[in-house]
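Trainee: This is the structure I want to talk about, given as structure tokens.
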Amino acid sequence: MSKLSFLTTQTTRRQLLEYSGKSAIGAALFSTLSALPFTKKALAKEVNALNHSEYKHSACLVNCGSRCALRVRVDNGRIVQVEPEEPINDDVFGEHQIRPCLRGRSNKYRVYNPDRLKYPMKRIGKRGEGKFKRISWDEATKMIASELDRIGTKYGNEAIYYQYATGAYYHTQGSSAWKRLLNLTGGYLQYFNTYSNAQIVKATPYTYGKYEGSMFWQVAHSDLVVLFGLNVSETRMSGGGQVEEMRRALEKSHARVIIIDPRYTDSVVAEHAEWLPIRPSADAALVAGLVHTMLVENLIKEEEVDKYAVGFTQRTLPASAAKNGSYQDYVLGNGDDGIEKTASWASDITGIPTVRIQQLAREICSAKAAFICQGWGPQRHGNGEQTARAIQILPIIANQFGRLGTNNGNWPEAVAYNVPYLPTGDNAVDIKIPLYSWTDAIAHPESITDKTHDLQGAEKLNVGIKMIINQAGNVLANQHGDLIRTRRILEDDTQCETIVVIDNHMTATAKFADILLPETTYLEASDLVGNSYASGSNQYMISMENTITPLWECRSTYDICADIAEHLGVKQAFTEGRTQADWMEYNYNIVRKERPHLPPFKEVRGTGIIDQFRSPEADKPVMADFYRDPAAHPLTTPSGKVEIYSAALQNLQDTWILPKGDRIPAIPEFLMVPDTPWDKSLAKKYPLQLTGFHTKGHTHSTYASVAILKEAVPNQVWLNPLDAQERGIGNNDLVKIYNDRGTVMIEAKVTHRILPGVAAMPEGAWSVVKNGIDIGGCINSITSHRLSPLAKGNPQHTNMVEIEKA
Ligand SMILES: Nc1nc2c(c(=O)[nH]1)N[C@H]1C(S)=C(S)[C@@H](COP(=O)(O)OP(=O)(O)OC[C@H]3O[C@@H](n4cnc5c(=O)[nH]c(N)nc54)[C@H](O)[C@@H]3O)O[C@H]1N2
Ligand SMILES: Nc1nc2c(c(=O)[nH]1)N[C@H]1C(S)=C(S)[C@@H](COP(=O)(O)OP(=O)(O)OC[C@H]3O[C@@H](n4cnc5c(=O)[nH]c(N)nc54)[C@H](O)[C@@H]3O)O[C@H]1N2
Ligand code: SF4
Ligand SMILES: [Mo]
């Protein structure tokens, strides 16, 4: 367990250097005073007095899954530089640093950004037009209170929707403040799923019960690592996150890394990996081809698979299944489709050469310990549930799970330091819609039912969404699918009557607000936060304190919601007599009960990282107990085993009402879903498959307006030279990408780093629609709002398009 330098009141030599290095006066101060036992505070005070410069401690609260502490140099009340915090020490990694990425370090430019919202405003033009008038905070909070009351009384509280939004993971302001307020005033309509991982999270329990995986630390014991669409070098960039854990583990094992992705990603470069370029949406076909090779080459121990899994062979099929319903039947061509899933069949679909598929099958089976895992890109597709499940069963069939150095095919696990949130209370409305259906919940509420949409808590939706609270999110007009349709629905203010947006910037979503409120940015906010959800085994807590006085009239949502609560007569219940700072201390003391070595809050408040340790779970491969003794440690599936064939899925196929052509197979078959090249007539019109990815240049749309980031990592569509040449497109040319849903303009990056026939675009660029064309380069003007069959999730990586020079 580590003890951080911040916990000591004695200042280290390194810290003295850090302060003194800033100026000549500081250096002089250091040389004369360095022998003395200064406290950090006292020294900081001296330095401040001399050169008006000081270090404050903040954090980047964006949704990249990581959480970086930021050390912020402030000069005369102005942020001059954002830097990493000091390295820390722990028993596992030794000295290491929760190193922020380029985005975190650019925070100064987010704070002093021309797009900043400055004052509360109300809409004066047509909805979506972006015309607003400045109003006072009192007016704004009264208007919101009165709308909450009006909508709740007229339609019931299920007409008030709290929108999915991930721009700021605050603990004592932000979403928990809103939810607490709404729960005190009758509740709100909820959603289930996330835009991140709906398909895999829904599908996983059908495979092996709990959503769990090994941590990357297991790679220290592997000789082969196979990553399906997992790009940690770009999506988990923090020095405190999964990319660091994998790197450290690879340093120990020197395992061979294979990355299966349509793009030659930064992870391929960073991990010296072999790139297996795959066509998007095709992973389940690759798995079938691999298993076919394993079967015909006798690489599988069938009795072993039968011991752990249901439905690989006919012997373990449940009685309710068709006789030829096993996965083995499917692969060998005895299933209903009669197609043998040979490596060459898989090659046609995936684009990976037949021999390479055959070799990979042998490599996986002969590895001492293969770590097989997947990112969330492969599952953000129309057939994402099938892909997720197919990758999950691969290590089970190949007997590469439950042992040191292995995984179960799932996303590698991470744990959170348990920092409490502002308690939200209970919601009196217990209806949940799948989040990707929110536009339908506005325009066609009657169509949303339990059998068609997996609606939870009711058989059907009785009332549409009439009011939206949108806190720190850009889903309304940037991050949701089929934006042109979405905008049309939102523009009609007789359907959804009131939209409240709380943001820092004038985003596409902010333009759709009726009431628009400016919140503080991370660097202007104070909070006590944890390490988020993708830090691997690294767990830590950060106390951040506003580094500057909030600019203009920006405020914390805690204070905003307290004012609204006052207008609604529930202020005491909302605050319980506490300020936001009191809640931070209250939460800290809850943590301190569990971790009594922590000093009192006043000693650590605002000092950055205040506790850090490594989870011991990292040392244990997932499903180890089950592997050792499956009877004594059954899984939480109905059979207690891995369900390659799921009778529960068959039941959904039989009882749900699915759109024409949609299927929920009981085994992880490869499905040729709409908007893929296997839809031959569509492919004639729109021959290129377009997939999206999360870019290092921004986190979704957050940071996407920072000019120096745009320059460093431009938003461009990746195109293979063969496809570019055919269309007369050169590198950096402006191109139009279009399909029946819309047209986007963006620069082309002509590169061999992408498979021919496939294009790839970063998601998150700011949508700017002019004359029906998205000149901002936002991919969602061409993505679909169709729901995936099982999870009712977002298939935003599944698209067919044509591209031409603009
Ligand atoms: N086509 C396509 N679309 C996608 C995806 C994809 O892969 N492809 N990915 C999806 C995924 S995984 C996700 S999670 C969603 C993310 O979608 P969102 O959760 O909407 O994330 P952002 O686009 O970053 O929007 C966050 C907003 O919060 C604001 N913000 C930042 N800090 C603060 C703050 O301190 N206070 C307030 N009030 N606001 C703040 C930002 O300015 C920004 O407008 O997008 C989804 N959309
Ligand atoms: N820099 C940065 N980091 C982020 C984010 C960000 O916006 N920017 N967003 C954060 C959030 S909210 C989330 S949910 C995660 C998202 O994390 P992921 O969902 O894992 O990220 P993606 O970039 O969508 O997909 C990962 C990789 O899958 C590939 N891929 C796409 N389709 C397929 C396919 O069909 N098969 C295979 N094998 N590969 C495919 C993509 O090319 C990409 O390289 O990232 C988080 N981290
Ligand atoms: S975007 Fe993520 S990795 Fe980058 S600084 Fe912020 S929290 Fe860290
Ligand atoms: Mo996400």
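Trainee: How many residues, within segment 132-177, are assigned to a helix (DSSP H, G or I) and open to solvent by 20 Å² or more (accessible area, probe 1.4 Å)?
Mentor: Narrowing segment 132-177 to residues assigned to a helix (DSSP H, G or I): 137-155, 157-159, 175-177.
Next, only the ones that are open to solvent by 20 Å² or more (accessible area, probe 1.4 Å) stay: 137-139, 142-143, 146-147, 149-150, 153-155, 157-158, 175.
Here the count works out to 15.
Trainee: If we scan segment 127-144, do we find a residue that is hydrophobic (A, V, I, L, M, F, W, C) and within 16 Å of ligand 3 (Cβ to nearest atom)?
Mentor: Step one: of segment 127-144, the residues hydrophobic (A, V, I, L, M, F, W, C) are 132, 135, 137, 140, 143-144.
Subsequent filtering for residues that are within 16 Å of ligand 3 (Cβ to nearest atom) retains none.
Taking every residue of segment 127-144 in turn, none turns out to be hydrophobic (A, V, I, L, M, F, W, C) and within 16 Å of ligand 3 (Cβ to nearest atom).
Trainee: Conditions: (1) within 16 Å of ligand 2 (Cβ to nearest atom); (2) in contact with a strand residue (DSSP E or B) (Cβ under 7 Å, 6 or more places away or on another chain). Residue 110 meets all but one. Number of the miss?
Mentor: (2)
Trainee: Being assigned to a loop (DSSP other than H, G, I, E, B), away from ligand 3 (no atom under 16 Å from the Cβ) and within 18 Å of residue 196 (Cα to Cα) is the filter here, so list the residues in segment 470-499 that pass it.
Mentor: Of segment 470-499, the ones assigned to a loop (DSSP other than H, G, I, E, B) are 472-474, 480-482, 492-497.
This time we only want the ones that are away from ligand 3 (no atom under 16 Å from the Cβ), so: 473, 480-482, 492-497.
If the condition is that a residue be assigned to a loop (DSSP other than H, G, I, E, B), away from ligand 3 (no atom under 16 Å from the Cβ) and within 18 Å of residue 196 (Cα to Cα), then 473, 480, 481, 482 are the ones that fit.
Trainee: Say we look at segment 55-72 and pick out the residues that are within 14 Å of residue 240 (Cα to Cα) and in a strand (DSSP E or B); which of these is farthest from ligand 1 (Cβ to nearest atom)?
Mentor: Within segment 55-72, the subset within 14 Å of residue 240 (Cα to Cα) is 59-61, 64-70.
Retained after the next criterion (residues that are in a strand (DSSP E or B)): 59-60, 68-70.
Numbers: 59: 11, 60: 10, 68: 14, 69: 16, 70: 14 Å.
Here the answer is 69.
Trainee: Take the conditions hydroxyl-bearing (Ser, Thr, Tyr) and buried (at least 22 other Cβ atoms within 10 Å of the Cβ) and apply them to residue 655. Does it pass?
Mentor: Details: hydroxyl-bearing (Ser, Thr, Tyr): yes; buried (at least 22 other Cβ atoms within 10 Å of the Cβ): no.
Against the criterion (hydroxyl-bearing (Ser, Thr, Tyr) and buried (at least 22 other Cβ atoms within 10 Å of the Cβ)), residue 655 does not qualify.
Trainee: Suppose we filter 442, 396 for residues that are touching a strand residue (DSSP E or B) at 6+ places or on another chain (Cβ under 7 Å) and of a type in the set (Val, Ile, Thr); which single one remains?
Mentor: On the way: 442 fails: touching a strand residue (DSSP E or B) at 6+ places or on another chain (Cβ under 7 Å).
Being touching a strand residue (DSSP E or B) at 6+ places or on another chain (Cβ under 7 Å) and of a type in the set (Val, Ile, Thr) holds for just one of 442, 396, which is 396.
Trainee: Of the conditions (1) surrounded by fewer than 18 Cβ atoms within 10 Å (Cβ to Cβ); (2) farther than 28 Å from residue 769 by Cβ; (3) more than 16 Å from ligand 1 (Cβ to nearest atom); (4) in contact (Cβ under 8 Å) with a residue 40 or more places away in the chain, residue 208 clears all except one; give me its number.
Mentor: Result: residue 208 fails condition (1) only.
Trainee: Next question, about the same structure. Quick check on my filter: what residues within segment 250-267 are surrounded by fewer than 23 Cβ atoms within 10 Å (Cβ to Cβ) and not aliphatic (A, V, I, L, M)?
Mentor: 251, 252, 253, 254, 256, 264, 266, listed by residue number.
Trainee: Now a separate question. Taking the criterion of being within 11 Å of ligand 2 (Cβ to nearest atom) and open to solvent by 40 Å² or more (accessible area, probe 1.4 Å), would at least one residue in segment 675-682 satisfy it?
Mentor: Within segment 675-682, none of the residues are within 11 Å of ligand 2 (Cβ to nearest atom) and open to solvent by 40 Å² or more (accessible area, probe 1.4 Å).
Trainee: Another question, if that's okay. What's the number of the condition residue 372 fails, among (1) open to solvent by 10 Å² or more (accessible area, probe 1.4 Å); (2) more than 16 Å from ligand 1 (Cβ to nearest atom); (3) more than 19 Å from the chain's Cα centre (by Cα)?
Mentor: Going through the list (1) open to solvent by 10 Å² or more (accessible area, probe 1.4 Å); (2) more than 16 Å from ligand 1 (Cβ to nearest atom); (3) more than 19 Å from the chain's Cα centre (by Cα), residue 372 breaks only (1).
Trainee: Just for segment 196-205: of the residues that are open to solvent by 20 Å² or more (accessible area, probe 1.4 Å) and under 17 Å from residue 534 (Cβ atoms), which one is farthest from ligand 3 (Cβ to nearest atom)?
Mentor: Of all residues in segment 196-205, those open to solvent by 20 Å² or more (accessible area, probe 1.4 Å) come to 196-197, 201-202, 205.
Adding the requirement that they be under 17 Å from residue 534 (Cβ atoms) leaves 196-197, 201.
Working: 196: 14, 197: 17, 201: 21 Å.
Looking at residues that are open to solvent by 20 Å² or more (accessible area, probe 1.4 Å) and under 17 Å from residue 534 (Cβ atoms), I get 201.
Trainee: Now a separate question. Out of the residues in segment 427-463 that are part of a strand (DSSP E or B) and touching a Leu at 6+ places or on another chain (Cβ under 8 Å), state the one that is surrounded by the most Cβ atoms within 10 Å (Cβ to Cβ).
Mentor: Taking segment 427-463 as the starting set, the residues that turn out to be part of a strand (DSSP E or B) are 432-434, 449, 456, 460.
Now drop any that are not touching a Leu at 6+ places or on another chain (Cβ under 8 Å), which leaves 432-434, 449.
Details: 432: 17, 433: 27, 434: 24, 449: 15.
Per the criteria, the residue is 433.
Trainee: Name the residues in segment 765-783 that are assigned to a loop (DSSP other than H, G, I, E, B) and either of a type in the set (Lys, Arg) or open to solvent by 10 Å² or more (accessible area, probe 1.4 Å) (or both), would you? Talk me through it step by step, then tell me what you get.
Mentor: Start the filter on segment 765-783 by keeping residues that are assigned to a loop (DSSP other than H, G, I, E, B), which leaves 765-768, 771-772, 775-778, 782-783.
Within segment 765-783, 766, 767, 768, 771, 772, 775, 776 meet the criteria.
Trainee: Right, here's the next one. I'm trying to understand the selection: among the residues of segment 178-191, which are under 21 Å from the mean Cα position of the chain (by Cα) and either within 16 Å of ligand 2 (Cβ to nearest atom) or part of a loop (DSSP other than H, G, I, E, B) (or both)?
Mentor: Once the filter is applied, which keeps residues that are under 21 Å from the mean Cα position of the chain (by Cα) and either within 16 Å of ligand 2 (Cβ to nearest atom) or part of a loop (DSSP other than H, G, I, E, B) (or both), segment 178-191 yields only 191.
Trainee: Yes or no: residue 470 touching a residue at least 24 places away in the same chain (Cβ under 8 Å), touching a Phe, Trp or Tyr at 6+ places or on another chain (Cβ under 6 Å) and open to solvent by less than 20 Å² (accessible area, probe 1.4 Å)? Write out each step before concluding.
Mentor: On the way: touching a residue at least 24 places away in the same chain (Cβ under 8 Å): yes; touching a Phe, Trp or Tyr at 6+ places or on another chain (Cβ under 6 Å): no; open to solvent by less than 20 Å² (accessible area, probe 1.4 Å): yes.
No: the conditions fail for residue 470.
Trainee: If we scan segment 83-93, do we find a residue that is closer than 30 Å to residue 232 by Cα, modelled with pLDDT of 95 or more, open to solvent by less than 40 Å² (accessible area, probe 1.4 Å) and within 16 Å of ligand 1 (Cβ to nearest atom)?
Mentor: No: segment 83-93 contains no residue that is closer than 30 Å to residue 232 by Cα, modelled with pLDDT of 95 or more, open to solvent by less than 40 Å² (accessible area, probe 1.4 Å) and within 16 Å of ligand 1 (Cβ to nearest atom).
Trainee: Would you check which residues across segment 587-642 are farther than 30 Å from residue 523 by Cα and assigned to a helix (DSSP H, G or I) and list them?
Mentor: We begin by selecting, within segment 587-642, every residue farther than 30 Å from residue 523 by Cα; these are 616-642.
Correct list: 616, 617, 618, 619, 624, 625, 626, 627, 628.
Trainee: Shifting gears a bit: Can you find even one residue in segment 231-239 that is within 16 Å of ligand 4 (Cβ to nearest atom), open to solvent by less than 30 Å² (accessible area, probe 1.4 Å) and of a type in the set (D, E, K, R)? Before the answer, list the steps.
Mentor: Residues of segment 231-239 within 16 Å of ligand 4 (Cβ to nearest atom): 231-232, 234-238.
Right, trim to open to solvent by less than 30 Å² (accessible area, probe 1.4 Å) and you get 231-232, 234, 236, 238.
Pick out the ones that are also of a type in the set (D, E, K, R) and you get 234, 236.
Yes; the residues of segment 231-239 include at least one that is within 16 Å of ligand 4 (Cβ to nearest atom), open to solvent by less than 30 Å² (accessible area, probe 1.4 Å) and of a type in the set (D, E, K, R).
Trainee: Looking at this structure, is residue 424 more than 16 Å from ligand 3 (Cβ to nearest atom), polar (S, T, N, Q) and open to solvent by 10 Å² or more (accessible area, probe 1.4 Å)?
Mentor: Working: more than 16 Å from ligand 3 (Cβ to nearest atom): yes; polar (S, T, N, Q): yes; open to solvent by 10 Å² or more (accessible area, probe 1.4 Å): yes.
Yes: the conditions hold for residue 424.
Trainee: Still on this structure: Pull up segment 516-562, narrow it to residues that are assigned to a helix (DSSP H, G or I) and within 14 Å of ligand 3 (Cβ to nearest atom), then point me to the one that is surrounded by the most Cβ atoms within 10 Å (Cβ to Cβ).
Mentor: Of the residues in segment 516-562, the ones assigned to a helix (DSSP H, G or I) are 522-524, 557-562.
Applying the additional criterion that residues be within 14 Å of ligand 3 (Cβ to nearest atom) yields 522-523.
Values: 522: 26, 523: 24.
By that ranking, first place goes to 522.
The values are calculated or read from the model by the stated rules, or taken from the named source; none is laboratory data. All of these numbers come straight from a predicted model, not from anything done at the bench. Note: ideal-geometry Cβ built from the backbone for every residue, glycine included; neighbour counts use all protein chains shown. All accessible areas refer to the heavy atoms of the entire protein, side chains included, with ligands and DNA or RNA removed. Shrake-Rupley method; radii C 1.70, N 1.55, O 1.52, S 1.80 Å.
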